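A short write-up of the structure that comes next.
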Amino acid sequence: MSLQQDPRQFGKVAVLLGGSSAERDISLMSGQGVLEALRARGVDAHAFDPSQRDLVELRREGFARCFIALHGRHGEDGTVQGALELLGIPYTGSGVMASSVAMDKVMTKRIWQADGLPTPKYVRLAFDQQSREQVRAVPDVLGLPLIVKPPREGSSIGVTKVEGYSQMQDAVALSAKYDADVLCEEFIEGEEVTCAVLGSGLDAHALPVVRIAAPQGAYDYQNKYFTDDVKYHCPSGLPEAEEQEIRRITLAAYRTLGCRGWGRADVMIRASDRKPFLLEMNTSPGMTSHSLVPMSARAAGIPYEDLCVRVLASASLDAAAGGPSP
């Protein structure tokens, strides 16, 4: 769809923002950025917070499509997508199944492993598998250091890097505040990068890789959104062969999950052999001033406002997109 077409073609657009997840504050920032960008391009866009208003009002008020700028649960996990399917209102990003699967890092890893895609080793501690003995045994399987995190949260919320056995109990307790299950993951020593994807199916393409240089490697919630201490490099400065391999596995990871519209994979490059490992797929990536998809798009010659319009233009329903299969 041409970006030069009349913005009135989109009709009345709701930018879904805020929500009720632990990432609410980030979603409010993302949504405000998207809202201003769409309005700057002449789109009839309005803010809509599902935690404050019933989604049924979208149909009652004549909204023709939704730009989902929600992050985390009840926004990125297939629930809002399912509601919009029932309302018959096209929305941006992945459909119900892909959103639900990608939100669960354990399910995502299982699918990637089944397709031979590289992802760190892991141990899942279900809610009834978190005795002191079971928790203490995890480093015997994964080694140290390791990462403990909630499998269905994002933005580095509830994440701990565990350096010794004595830290395991507290790390699991913190993670369990956000999710009944706990994901323990092999720590990959090396560089962190991220790679965005635009499009669907065979038309999907990976954008330039962003290399992340955080102070002392602490790419945490505070550094992600509220400081300027993290340095982002795009172009990444990686050897061309590494850049292309990251883009290749990201595209494969996106397609095998059945994602559409847009997404962003987080990847670690192991220092010892430069092998990339997929960490997670974000199906509703951040769109704040610090966000990485806009940065990558700019490097590909796509201004922020055009990126927002392009994503909006890809809004669809599962049925219209040919169903949830890749």
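The values are calculated or read from the model by the stated rules, or taken from the named source; none is laboratory data. Computed from a predicted model, the values in this text were never measured in an experiment. Note that each Cβ is placed from the backbone with ideal geometry, even for glycine, and that neighbours are counted across all protein chains shown. Just so you know, the surface numbers come from the protein's heavy atoms only, side chains and all, with ligands and any DNA or RNA stripped out. Shrake-Rupley method; radii C 1.70, N 1.55, O 1.52, S 1.80 Å.
See the values below:
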item	result
Candidate set from segment 1-28 (those that are of a type in the set (A, V, I, L, M, F, W, C) and closer than 17 Å to residue 74 by Cα); member that is nearest to the chain's Cα centre (by Cα)	26
Residue count for segment 152-195, restricted to those that are touching a helix residue (DSSP H, G or I) at 6+ places or on another chain (Cβ under 8 Å), of a type in the set (Ser, Thr, Tyr) and in a helix (DSSP H, G or I)	1
Residue list for segment 182-198, restricted to those being open to solvent by 20 Å² or more (accessible area, probe 1.4 Å) and either in contact with a His (Cβ under 9 Å, 6 or more places away or on another chain) or not small (Gly, Ala, Ser) (or both)	186, 187, 189, 191, 192
Pairs where the first residue, in segment 154-177, is among the acidic types (Asp, Glu) and the second is open to solvent by 50 Å² or more (accessible area, probe 1.4 Å), C-beta under 7 Å, 6+ apart	163/144
The one condition in (1) in a loop (DSSP other than H, G, I, E, B); (2) of a type outside the set (Asp, Glu); (3) at pLDDT 95 or above that residue 219 fails to fulfil	(3)
Breaking point among (1) within 15 Å of residue 258 (Cβ to Cβ); (2) open to solvent by 10 Å² or more (accessible area, probe 1.4 Å); (3) within 19 Å of the chain's Cα centre (by Cα); (4) touching a residue at least 12 places away in the same chain (Cβ under 8 Å), for residue 115	(3)
Extreme residue, farthest from the chain's Cα centre (by Cα), among residues of segment 141-175 that are of a type in the set (Gly, Ala, Ser) and modelled with pLDDT under 95	158
Condition met for residue 24 (in contact (Cβ under 8 Å) with a residue 60 or more places away in the chain and open to solvent by 50 Å² or more (accessible area, probe 1.4 Å))	no
Number of the exception - residue 70 against (1) of a type in the set (A, V, I, L, M, F, W, C); (2) part of a loop (DSSP other than H, G, I, E, B); (3) touching a Phe, Trp or Tyr at 6+ places or on another chain (Cβ under 8 Å)	(3)
Any hit, segment 137-157, residues being open to solvent by 30 Å² or more (accessible area, probe 1.4 Å) and at positive phi	yes
